[in-house]
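Colleague: Structure provided below as structure tokens; questions to follow.
Any read-out appearing in this document is the output of simple, stated calculations on the displayed coordinates, not a laboratory observation. All of these numbers come straight from a predicted model, not from anything done at the bench. When we count neighbours, we look across all protein chains shown, and the Cβ atoms used for this are built from the backbone with ideal geometry, even at glycine.
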């Protein structure tokens, strides 16, 4: 190893209570094993999924909304 430098830039930490739609899609795709697009999340927002005042997604609230939607449809 060489001196104290690194070969990568530090990325800001993700806040699961305030993720931009694109970041939420990327995270859910990586964690869930299925592709989730920003357009899919935006469609859910358009259908009533909760968002924060600044347009970001709270993953806990979003997950709860998805469960409620699935149970009301009988999925």
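Colleague: Take each of the peptides 20-28, 43-51, average the number of other beta-carbon atoms within 10 Å over its residues, and list them starting from the highest.
Modeller: Sorting 20-28, 43-51 by mean packing, highest first, produces 20-28, 43-51.
Colleague: Grab the alpha carbons of region 21-73, take their convex hull, and tell me the volume per residue in Å³.
Modeller: Cα-based convex hull of region 21-73, divided per residue, equals 79 Å³.
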